[in-house]
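The values are calculated or read from the model by the stated rules, or taken from the named source; none is laboratory data. For clarity, every value in this text was computed on a predicted model and none was experimentally measured. Every residue, glycine as well, gets a Cβ built from its backbone with ideal geometry; the counts of neighbours run over all protein chains shown. Protein only, heavy atoms only, side chains kept; ligands, DNA and RNA dropped before computing areas. Shrake-Rupley method; radii C 1.70, N 1.55, O 1.52, S 1.80 Å.
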Amino acid sequence: MAEPVIEACRLWKRFGHVEALRGASMAVGRGEIVALVGDNGAGKSTLLKVVCGAMAADGGEVRIAGRRLEPASVITAQRLGVDVVYQDLALAPHLTVAQSIFLGHEVVHGGWRAPLGVLARQRMRRDADDALRVLGIVLPAIDARVQELSGGQQQAVAMARAVKWSRRAILLDEPTAALGTKQTQIVIETLRSAARRGLGVLVISHDMPRMLQVADRIVVLRHGRTVADLHRSEATLQGIVLAMLGEEEARGAAPPS
Amino acid sequence: MPRRPADRPPAAAALGRPAGRLRRAVRWGGTHLLSAAVGIAVVDVGLVLVFGAITPGHAFLQLSNFTDLGLDASEIVLLSCGSAFLLGARELDISLGANVILSSVVGGRLMVALGGPTADVQQGIYPHLTVAVLVGVLGALATGLAFGLVNGLIVTRLRVTSFITTLGTLGIGMGLSYVLTNGSNIAYIPSQLQTDFGTATVAGWIPVPALTVVLIVAVLWFLLNRTRFGLRTIAIGSSRETARRAGLPIERHLLALFGMVGGFAGLCGVIDLSRFATTDLSGHQTDALTAIAGAVIGGTTLYGGGVAVWGAVFGALLAVILDVGLVILGLPTFYQLIAVGVILIAAVYLRSGTERRSVWGRLSALTRRPGRSGGNTQAGSEELVGGEVEM
Ligand SMILES: Nc1ncnc2c1ncn2[C@@H]1O[C@H](COP(=O)(O)OP(=O)(O)OP(=O)(O)O)[C@@H](O)[C@H]1O
Ligand SMILES: [Mg+2]
């Protein structure tokens, strides 16, 4: 693997009596696309939130570009160039598309207006428009509010936001779940081009066949543990399903080979 | 990825092109012209005309009455705009009235104590007038600010909801005011404060306090619509989780908001002192609720994500117009409380679901039984964006 941009070591996370992560480990290298797969409730989203600082783990450690993410903080992770598309998208319904893309990264006018934090609104609208254009997204208007958008359009906005601000790594939790075929293809292309630019890409998806095409490596999570970490050359659909479900369950679920 | 310009999809067709400009104009009209602010302003003007028509000698329409109206409105309008900001961030402050009183008490005590020897002051002679007024005014402002910051600290650090926090500090502030005054209002506030600020006018009829408030409101509008601070206020109110994940300094922001609104209460304390040359321990009890009602009537929702600054101005004015009108008519002002209550409920009801339904649709729904024909049972439910109601 190339020089790692993200390393997660032996992560533990408990919610009440549910143990979402039980020692899961994984890494993403520069320019690498890693698919994180697993059954519903395997702990994928939890792992992603811990890695990007949105959630503190109970044990284990996260390193971004070799630096320890401690204490857990999205701001630190953002400064280190990590951005995220969350499964629930995490957009504010009342903000416009442009505002959503720039929230936390607002562009303000310089000069005498600088201390007031006066927004450079035209510039942000234009740049947001460009960011969406690259993703091939059709939106009613750049001034539309998030709550007026369809699920797929919202996903596109979240995607545009993450692509725009990630410098080292981009993490995506089911980024194509609400998208049509064409849009999905564009997202996949975007991930590939991000990886070509040297970003580490971590993508969670249930679309196994597509992940097999796109990913350089596939990490399988089961009950909060990493149960397989396969290079694309050694990964097969059946192998992954087997790892996902575990031996016993798989024997019942999958047809014998 | 390489794409020919020709098949570039119109990501946001509205940018720049004529058709887009028209659409933007329509959208602008939709959000601004037809907004609650304009609706309430129309109601305000209507009320003024009605009172003008029915008051003896059209007393209501005289210029001097507008001076009084402006003066009476200045405090509550300021508090209402402040409340709108807090509501926009999904917080609220019901301690504003207590803050106004405590600020005026601290300012008043400072003025009387620093004015000169007690014997002189009681005769209206202030050897140290400038210092006394200056320190008194700054003291009142600082008290308001500190009161607000304490609210903010409790909300952000101790994580007590703002409703409970400010319910608590409402009592604390009132109690402190009584302790500091032994329950009797502070007299002997320098009358120069009245003549130079409280009852002073520009151009013979515009009250200086009202002008001050209008300037502040204009700044607030700018802050909301043009600055990072405004955008983040809305974001924090619209979705706290989104704001957190975007890395916004939520606690610092809320602290600043509570401090700002507290500072407004401090200014109201100064206005109070300078209008009446005394404190008003028994007034202002309902100020915070009137301010919140004004903000909500003006189109700000209780659930964050939307602030209508001018709406709050006109919403608060509504209460004042009713008050003044009833006084001129010689009717008990208790009716004002009833009217504002009814208008508050009606405004929120009529506004709920306006995207899907006309006002007439909402009105005709009144005649239908709830629960039967399509969801009128949840008036205001569209405002519940962002999950549970946290007041
Ligand atoms: N905030 C939370 N509070 C309580 N339990 C949680 C929370 N988040 C996740 N869990 C629990 O942790 C476990 C792992 O959840 P997680 O969201 O990480 O799964 P996932 O692999 O992303 O699943 P899916 O494919 O359905 O998105 C689940 O059992 C879930 O119920
Ligand atoms: Mg998930």
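With respect to being more than 26 Å from A:VAL62 (Cβ to Cβ) and more than 16 Å from ligand 1 (Cβ to nearest atom), A:LEU191 falls outside the description.
Within region B:134-165, the set of residues being in contact (Cβ under 8 Å) with a residue 24 or more places away in the chain and at positive phi is empty. Within 16 Å of ligand 2 (Cβ to nearest atom), open to solvent by 10 Å² or more (accessible area, probe 1.4 Å), more than 14 Å from chain B (Cβ to nearest Cβ) and free of Cβ contacts under 8 Å to residues at least 60 places away in the same chain: does that describe A:GLY16? No. Here are some residues: A:ASP143, A:ASP129. Which one is open to solvent by less than 10 Å² (accessible area, probe 1.4 Å) and among the charged types (D, E, K, R)? Of A:ASP143, A:ASP129, the one residue that is open to solvent by less than 10 Å² (accessible area, probe 1.4 Å) and among the charged types (D, E, K, R) is A:ASP129.
Every residue, every condition in (1) in contact with a His (Cβ under 8 Å, 6 or more places away or on another chain); (2) under 23 Å from A:LEU103 (Cβ atoms); (3) surrounded by fewer than 23 Cβ atoms within 10 Å (Cβ to Cβ), yes or no:
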{"site": "A:LEU149", "(1), (2), (3)": "no, yes, yes"}
{"site": "A:ALA156", "(1), (2), (3)": "no, yes, no"}
{"site": "A:MET159", "(1), (2), (3)": "no, yes, no"}
{"site": "A:ARG197", "(1), (2), (3)": "no, no, yes"}
{"site": "A:ASP207", "(1), (2), (3)": "no, no, yes"}
{"site": "A:GLN213", "(1), (2), (3)": "no, no, yes"}
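Among the residues making up region A:48-61, those that are within 16 Å of ligand 2 (Cβ to nearest atom) and over 17 Å from A:HIS223 (Cβ atoms) are A:LYS49, A:VAL51, A:CYS52, A:ALA54, A:MET55. For region A:234-241, state whether one or more residues are modelled with pLDDT of 90 or more, touching a helix residue (DSSP H, G or I) at 6+ places or on another chain (Cβ under 8 Å), surrounded by 13 or more Cβ atoms within 10 Å (Cβ to Cβ) and not small (Gly, Ala, Ser). No: region A:234-241 contains no residue that is modelled with pLDDT of 90 or more, touching a helix residue (DSSP H, G or I) at 6+ places or on another chain (Cβ under 8 Å), surrounded by 13 or more Cβ atoms within 10 Å (Cβ to Cβ) and not small (Gly, Ala, Ser).
Here A:MET211 clears all of (1) in contact (Cβ under 8 Å) with a residue 60 or more places away in the chain; (2) under 12 Å from the mean Cα position of the chain (by Cα); (3) within 16 Å of ligand 2 (Cβ to nearest atom) except the condition numbered (2).
Every listed requirement among (1) within 9 Å of ligand 1 (Cβ to nearest atom); (2) closer than 16 Å to A:HIS206 by Cα is met by A:VAL18 save one, (2). For region A:20-47, the set of residues classified as on the phi > 0 side of the Ramachandran plot and within 14 Å of ligand 2 (Cβ to nearest atom) consists of A:GLY38, A:GLY41, A:GLY43, listed by residue number.
Residue by residue, here is whether (1) modelled with pLDDT of 90 or more; (2) within 14 Å of chain B (Cβ to nearest Cβ); (3) within 16 Å of ligand 1 (Cβ to nearest atom) holds:
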position: A:ARG217; (1), (2), (3): yes, no, no
position: A:LEU221; (1), (2), (3): yes, no, yes
position: A:GLY224; (1), (2), (3): yes, no, yes
position: A:GLU247; (1), (2), (3): no, no, no
position: A:ARG251; (1), (2), (3): no, no, no
position: A:SER257; (1), (2), (3): no, no, no
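From the list A:ALA141, A:ALA114, A:ALA120, A:ALA90, the lone residue that is over 23 Å from the mean Cα position of the chain (by Cα), at the interface with chain B (Cβ under 8 Å from one of its Cβ atoms) and among the small types (Gly, Ala, Ser) is A:ALA141. Scanning region B:134-172 for residues that are β-branched (Val, Ile, Thr) and open to solvent by 30 Å² or more (accessible area, probe 1.4 Å) turns up B:VAL135, B:VAL137, B:VAL150, B:ILE154, B:VAL160, B:THR161, B:ILE164, B:ILE172. Of the residues B:GLY175, B:GLY136, B:GLY198, B:GLY183, the single one that is under 19 Å from B:LEU79 (Cα atoms) and among the small types (Gly, Ala, Ser) is B:GLY198. In the set A:ALA77, A:ALA65, only one residue is closer than 15 Å to A:LEU202 by Cα, more than 16 Å from ligand 1 (Cβ to nearest atom) and within 11 Å of chain B (Cβ to nearest Cβ); that residue is A:ALA77. Among the residues of this structure, A:LEU103 counts as one that is facing chain B (nearest Cβ under 7 Å), buried (at least 19 other Cβ atoms within 10 Å of the Cβ) and under 22 Å from the mean Cα position of the chain (by Cα).
Residues in region A:27-57 that are part of a strand (DSSP E or B) and either open to solvent by 10 Å² or more (accessible area, probe 1.4 Å) or within 12 Å of ligand 1 (Cβ to nearest atom) (or both): 4 in all.
For A:VAL74, indicate whether it is touching a helix residue (DSSP H, G or I) at 6+ places or on another chain (Cβ under 7 Å) and open to solvent by 10 Å² or more (accessible area, probe 1.4 Å). For A:VAL74, the condition - touching a helix residue (DSSP H, G or I) at 6+ places or on another chain (Cβ under 7 Å) and open to solvent by 10 Å² or more (accessible area, probe 1.4 Å) - is met.
Just so you know, in region A:163-188 the residues that are within 16 Å of ligand 1 (Cβ to nearest atom) and farther than 18 Å from A:LYS49 by Cβ include one that is least open to solvent (accessible area, probe 1.4 Å), and it is A:THR176.
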